[in-house]
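Novice: Supplied in structure tokens, the structure appears directly below.
Just so it is clear, none of the values below were taken in a lab; they were calculated from the coordinates. Since the model is a prediction, treat every value here as computed from it, not as a measurement. Here Cβ is always computed from backbone atoms with ideal geometry, including for glycine, and neighbour counts include all displayed protein chains.
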Amino acid sequence: MRILILGGDGYLGWPTAMYFSQRGHEVAVVDNLAKRVWEAEMGVEPLVPIRQLPTRIKRWREVSGREIALYVGDIAENHRFVYQLFDDFRPDAVVHYAEQPSAPFSMADREKCVMTQRNNVLGTLNVMFAMRHACPDTHIVKLGTMGEYGTPNIDIEEGWLELEHNGRKDRVMYPKKPGSFYHLSKVHDSNNLEFACRIWDMRVTDLNQGVVYGIDTDETALHRDLCTSFHYDAVFGTVLNRFIVQAVLGQPMTVYGRGNQTRGYLNIRDTLACVELATLNPAEPGEFRVFNQFTEQFSVNELAARVQSVAAAMGLAAEIDHVENPRIELEDHYYNARHSALVELGLVPHLLTDAVLAEMIDSVVRAKDRIDPELIMPRIHWRMRSPARQGGD
Ligand code: NAD
Ligand code: USQ
């Protein structure tokens, strides 16, 4: 297949590009390198330096003998670039990762909130319109997030809900209660894509992905220049990746609040497997298909305890600290989310075993000298101060 990866310089996009390339697909990546700018703006760096995208592609060619095509451009702000891209590459499938992915970043101030929603929502709209023009039958696999649902007090279904009201029945999109302006941007995307399915017969799979953890995939492990960007800072780092780094550093793990916040999690290797399953089994024309993409659910306390126990077995005395929660989120709540569609398509999950945790700890130990302890504590709070007190907006 001809597969276009939007956001191909990112944590998930780059390993996905190599994964499909390794399996004989014709792959092109698109990125405007914005994440590298946002990192610079926030003063953070991935744990291990990552090569420039053209260098990674060159190294991949040397290591695998395979080509990955590159398009550098902004899908949100440059619609002409997007139209040209689709006219030129004519993909059979599009995997869309190209968004600002951090909840804390989107909550920092007005500018970052607006930038996040503008970038994410307009990028997806430009892609929809360009696909309608150049390749209306192409399937789009869009990365959404489990956080679109929030933590409702009822079971979470896969995207849709059968409703009975005053004696009548309907099938509606599952109600959303997201917890940040970033997560909200994904809700807006889902609504726009579902509408495009209804009016243009687009084929869409919305992957409501849980929190991803992990450092290596089979392809990133082939050469150190192929590694992907692993963040542990309080802006772009996700919770398990952060806890591993904190354990290695000997700094207490930062459980926010009471720590009973429960989420769906998956290994980065399963992200690739799920995206492949969705791509090889496309949605029908007019179908807005939603998969909840995670393999296990844990509370933050459970994750911290797991890391602590594996670290102890490796001679690392990891402590757990309950720090003030910088977010506004339920800390004690019901959580039961269905996630059977991908398993029915054949997903065999990589679960969070002690061996997986030990492998991650080992990798981080090798890069321990590069950890900057200053980047650990959260500085962005959901309870924004008033502009007058903050001296800005
Ligand atoms: P990432 O920031 O590492 O990758 C996103 C890439 O998209 C970056 O390289 C960035 O430069 C690029 N990009 C952003 N806006 C762009 C634009 N307008 N034009 C072109 N390129 C643009 O993020 P990630 O962790 O790899 O996440 C990828 C996707 O998966 C995101 O949509 C994110 O919301 C979603 N997701 C991630 C996780 C996770 O735990 N990492 C979980 C659920 C969903
Ligand atoms: N948390 C802590 N301590 C930390 C960091 C986080 O207790 O040091 C808690 C948070 O309060 C939250 C949970 O861990 O309750 C998850 O936080 P996270 O930062 O790992 O994940 P989140 O902000 O939800 O965002 C990440 C990705 C995002 C993706 C989302 C999937 O950055 O791109 O959409 O995971 S989901 O959470 O399912 O919506």
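Novice: Amide H of Val29: which non-local residues (sequence gap of 5 or more, or other chain) have their own amide H closer than 5 Å, using H built in the peptide plane?
Specialist: Ile5, Ala69, Leu70, Tyr71
Novice: Next question, about the same structure. Show me the three semi-axes of the equivalent ellipsoid for the range 268-393, from the C-alpha gyration tensor (sqrt of 5 times each eigenvalue), largest first, rounded to whole Å.
Specialist: After diagonalising the Cα gyration tensor, the semi-axes are 32, 26, 16 Å.
Novice: Assign unit charges at the C-beta atoms only (+1 for Lys and Arg, -1 for Asp and Glu), then state the dipole size of the chain relative to its Cα centre in Debye, rounded to the nearest 20.
Specialist: 540 debye
Novice: Lys and Arg at +1, Asp and Glu at -1: add these up for the other residues within a Cβ distance under 15 Å of His223 and post the number.
Specialist: Here the count lands on +2.
Novice: Also, quick follow-up: Rounded, prolate or oblate: which fits the chain, taking a ≥ b ≥ c as square roots of the Cα gyration tensor eigenvalues, rounded meaning a/c under 1.5, else prolate when a/b beats b/c?
Specialist: rounded
Novice: Let me ask something else. Can you tally the net charge around Ile376? Count Lys and Arg as +1, Asp and Glu as -1, for every other residue whose Cβ sits under 15 Å from the Cβ of Ile376.
Specialist: Details: positive: Arg242, Lys368, Arg370, Arg379; negative: Glu45, Asp233, Glu319, Asp321, Glu324, Asp372, Glu374.
My count for the surroundings of Ile376 gives -3.
Novice: What's the FRET efficiency of Asn260 with Asp88 using the Cβ-Cβ distance as r and R₀ = 45 Å, to the nearest 0.05?
Specialist: 0.35
Novice: I've got another one for you. Can you tell me which of 87-96, 342-351 comes out highest on packing, and rank the rest after it, using the mean Cβ neighbours within 10 Å? Walk me through the numbers on the way to the answer.
Specialist: Numbers: 87-96: 19.5, 342-351: 14.6.
Descending mean neighbour count gives 87-96, 342-351.
Novice: Beyond 22 Å, how much of the Cα-Cα pair distribution for the range 125-279 remains, as a whole percent?
Specialist: That tail contains 55 percent of the Cα-Cα pairs.
Novice: Quickly estimate the mean residue ellipticity at 222 nm for the chain, helices only: each DSSP H run with n ≥ 4 gives -39500 (n - 2.57), and the total goes over all residues, rounded to 500.
Specialist: Using -39500 (n - 2.57) per qualifying helix, the result is -11000 deg cm²/dmol.
Novice: Would you work out if the range 137-177 is rounded, prolate or oblate? Take a ≥ b ≥ c from the square roots of the eigenvalues of the alpha-carbon gyration tensor; rounded if a/c is under 1.5, else prolate when a/b is larger than b/c, oblate otherwise.
Specialist: Oblate shape, in that a/c is at least 1.5 and b/c is the bigger or equal ratio.
Novice: Which of the trypsin sites (Lys or Arg not before Pro) found in the range 152-192 are loop residues per DSSP with 13 or fewer other Cβ atoms within 10 Å of their Cβ?
Specialist: For trypsin sites (Lys or Arg not before Pro) across the range 152-192 that sit outside H, G, I, E and B with at most 13 neighbouring Cβ atoms in 10 Å, the list is empty.
Novice: When the Cα centres of the range 209-276 and the range 343-366 are compared, how far apart do they sit, in Å?
Specialist: 10 Å
Novice: With the crude spin-label approximation of a point 7 Å out along Cα→Cβ, what separation in nm comes out for Glu157 versus Arg2?
Specialist: Taking the two extended label points, one gets 3.8 nm.
Novice: Using Cβ counts within 10 Å as a stand-in for footprinting exposure, how do Trp200, Trp14, Trp38, Trp60 rank, fewest first?
Specialist: Least crowded to most crowded, the residues run Trp200, Trp38, Trp60, Trp14.
Novice: Cα gyration tensor of the range 78-169, axes a ≥ b ≥ c as square roots of the eigenvalues: rounded (a/c below 1.5), prolate (a/b > b/c) or oblate? Could the numbers behind the result be given before it?
Specialist: Working: a/c = 2.61, a/b = 1.32, b/c = 1.97.
Because a/c hits 1.5 or more and a/b fails to exceed b/c, the range 78-169 counts as oblate.
Novice: Something else now. Taking K and R as +1 and D and E as -1, what net charge do the other residues with C-beta under 11 Å from the C-beta of Glu329 add up to?
Specialist: Net local charge, Glu329 excluded: +2.
Novice: About the Cα centre of the range 259-367, how large is the charge dipole given +1 on each Lys and Arg Cβ and -1 on each Asp and Glu Cβ? Please answer in debye to the nearest 20.
Specialist: Working: 7 positive and 16 negative charges, 39 e Å.
Rounded to the nearest 20 debye, it is 180 debye.
Novice: Next question, about the same structure. On a full-extension model of 0.36 nm per residue, what is the gain between Asn281 and Lys169, subtracting their alpha-carbon distance, rounded to one decimal in nm?
Specialist: 37.4 nm
Novice: If one computes the Cα centroid of the range 290-325 and of the range 160-203, what distance in Å separates the two points?
Specialist: A separation of 32 Å, based on Cα centres.
Novice: Using 7 Å Cα-to-Cβ label points, what is the Arg61/Val356 separation (nm, one decimal)?
Specialist: 3.5 nm
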